[in-house]
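Just dropping this structure here.
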Amino acid sequence: MPARLADADPILFDLDGTLTESGPGIVASVQYAMGVMGVPELATDQVHRFIGPPLLDSFRDIAGFDPRQVQDAIAAYRVYYASDGQYQNSVYAGIPELLCALRDAGRTLAVATSKAEVFAESILDHFGLTGSFATVVGSELDGRRTAKAEVITEVLARLGRPTTGTVMIGDRHHDISGAVTVGVGSIGVLWGYGDGAELTTAGADALAGSPADLLGQLTG
């Protein structure tokens with residue numbers, strides 16, 4: 001593992017599939033949106049591909065919607081997600097302990113997610129995790145700042161930190177490719193919705209099989 005990751009600071013975390021098991025709420029919200037759009041629900045393998053990437057990309061590339069339909073589908077998705085979907089969610093075992101240990105070690109932690117920032121903040125508040133992070137950055141409801149590279153760049157701007165020493169932690173190739181684009185280190189986690197081949201191909205500097213494994217890699 002690159003030495004620069006063993007004492008990385010700041011440490012940026014993806015949310016869905018990295019801190020929380022968000023799949024059930026996302027799947028339910030997508031299928032609700034498909035119903036509102038008057039089209040059949042997506043197959044299981046298709047709807048699971050929504051977990052991680054920006055909604056705009058997924059409704060376009062997976063559901064096959066045109067630009068106007070994409071916006072209507074996102075609006076429908078958010079109706080269900082705001083009321084129910086965001087709470088059909090759970091924190092992965094070992095994550096609270098990981099965050100506590102990193103903070104005790106003096107690390108600066110942040111969330112970098114393509115999820116709408118308002119929902120990311122709500123979820124972290126719901127699970128009592130907000131206090132672990134110096135900042136939480138997500139996308140805007142109007143569709144701005146959805147690419148992970150843009151999110152990472154905004155995190156560093158808010159923290160006033162350079163790319164040097166920074167590491168991005170995530171479970172999908174979007175997290176890793178975003179880190180590569182910005183020029184920061186990255187660790188792919190294997191308890192989320194991606195797999196080792198996807199993360200390695202995207203350019204992950206290392207892989208972690210559990211929160212305890214990740215802690216060991218980040219603290220040496």
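All of the numbers you see were taken from the coordinates with simple rules; none came from a lab. Predicted model only: the values in this text are computed from it and were never measured. Cβ coordinates were reconstructed from backbone atoms using ideal geometry, including for glycine residues, and neighbour counts include every protein chain displayed.
If you wrap a convex hull around the C-alpha atoms of the stretch 123-167 and split its volume per residue, what is the figure in Å³?
Value for the stretch 123-167: 89 Å³ per residue.
Follow-up. Under the 0.36 nm per residue contour assumption, what length would be gained going from the current alpha-carbon distance of Asp104 and Ala43 to full extension?
Residue separation times 0.36 nm, minus the Cα-Cα distance, leaves 17.6 nm.
Please name whichever of Gln217, Gly35, Ala76 sits farthest to the positive end of the charge dipole of the chain, dipole taken about the Cα centre and charges placed at Cβ: Lys and Arg +1, Asp and Glu -1.
Toward the positive end, the furthest listed residue is Gln217.
Same structure again: Return the long-range amide H neighbours of Thr135 (sequence gap of 5 or more, or a different chain), with a cut-off of under 5 Å between placed amide H atoms.
The answer is Val111.
Now for a different question. On a 0 to 90° scale, report how tilted helix 148-159 is relative to the longest principal axis of the chain, with both axes built from alpha carbons and the result rounded to the nearest 10.
Taking the Cα atoms of the chain, the angle to 148-159 is about 50 degrees.
How big is the Rg/Rh ratio for the stretch 100-144, C-alpha atoms only, Rh by Kirkwood, two decimals?
With Rg and the Kirkwood Rh in hand, the quotient comes to 1.04.
Consider a paramagnetic label point 7 Å from the Cα of Arg161 along Cα→Cβ; state which residues of the stretch 96-132 have an amide N under 12 Å from it.
From the stretch 96-132, the list is 103, 106-112.
Still on this structure: Under a crude label model (7 Å from the Cα following the beta-carbon direction), how far is Glu97 from Ala75 in nanometres?
With each label point 7 Å from Cα toward Cβ, the separation is 4.7 nm.
What does the convex hull of the alpha-carbon atoms of the stretch 23-87 project to on average, in nm²?
Taking the Cα atoms of the stretch 23-87, their convex hull projects to 3.7 nm² on average.
Next question, about the same structure. Ranked from highest to lowest mean number of other Cβ atoms within 10 Å per residue, what is the order of the peptides 66-74, 183-191, 105-113?
By packing density, highest mean first, the sequence is 183-191, 105-113, 66-74.
With no solvent and one equal point scatterer placed on each C-alpha of the chain, evaluate the Debye formula and give log10 I(q)/I(0) for q = 0.08 Å⁻¹, two decimals.
-0.26
If you don't mind, there's one more thing I want to ask. Quote the charge dipole size of the chain about the Cα centre in Debye, to the nearest 20; the model charges only the Cβ of Lys and Arg (+1) and of Asp and Glu (-1).
The calculation lands at about 380 debye.
Quick check on the chain: helices-only [θ] at 222 nm, where DSSP H runs of length 4 and up contribute -39,500 (n - 2.57) each and the sum goes over total residues. Nearest 500, please.
It lands at -14000 deg cm²/dmol.
Continuing with this model, one more query. Once you put a point 7 Å from the Cα of Thr130 and another 7 Å from the Cα of Asp66, both along the Cβ direction, what distance in nm separates them?
4.2 nm
Also, I was wondering about something else. What is the dipole size for the stretch 23-87, taken about its Cα centre, with +1 at each Lys and Arg Cβ and -1 at each Asp and Glu Cβ, in debye to the nearest 20?
100 debye
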